[in-house]
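Coordinate-derived values only; no laboratory data. These numbers come from a predicted model, not from an experiment.
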């Protein structure tokens, strides 16, 4: 949808008049708030995510510097330095679009080993990676790409996709277990010992203690003799359980 069409949609469906200074990305953001990220797709045809649309628009405008400058001033609300080159202007325009465009499930991660994956793929197949991104963002400053992914992960859409993934049977998620394990290793996350390992450790300790107690009882029984013969184990049990005369 064009800038004009977005204004008309906002007015016709929601009875709101957008300020004249609003850029296309701002209009998309407002419509997303009102309708949700999926509802702005028209007549069943799949549109590119807002960030991708902004990128396409900027690349088209960059064919001519004057057109790019006009786009940046009129739709992105940027102050342009006339001495900047087209490439410098494109970087500024993309940074502004990145900051203003609402996150979308089809946006790409854009950093690290999994940069080519979409937000949706990460939430559905690599949940632990998205959880790591959210934790890292909360711990302190991070790169803009990671923060954008983490913010989306905390959104209702991101949380819903993560929950859907968690409720699926492990056999239905192809390769997700291996991905999650590798991501956890790369992020520095170390899991706790499993219940089986804890039980095995406790059983082993009990076995060792039992053997030590038996050895001590055997040694004490040999020291107590009656008519030159060692006391039997039954006699030892009776002696140990008898009340003390002291």
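Size descriptors for the range 115-169: radius of gyration and Dmax over Cα atoms are 10.7, 35 Å. Prolate is the label for the range 1-102, because a/c, from the alpha-carbon gyration tensor with a ≥ b ≥ c as root eigenvalues, is 1.5 or above and a/b exceeds b/c. Across the range 91-143, Cα-Cα distances exceeding 17 Å account for 45% of all pairs.
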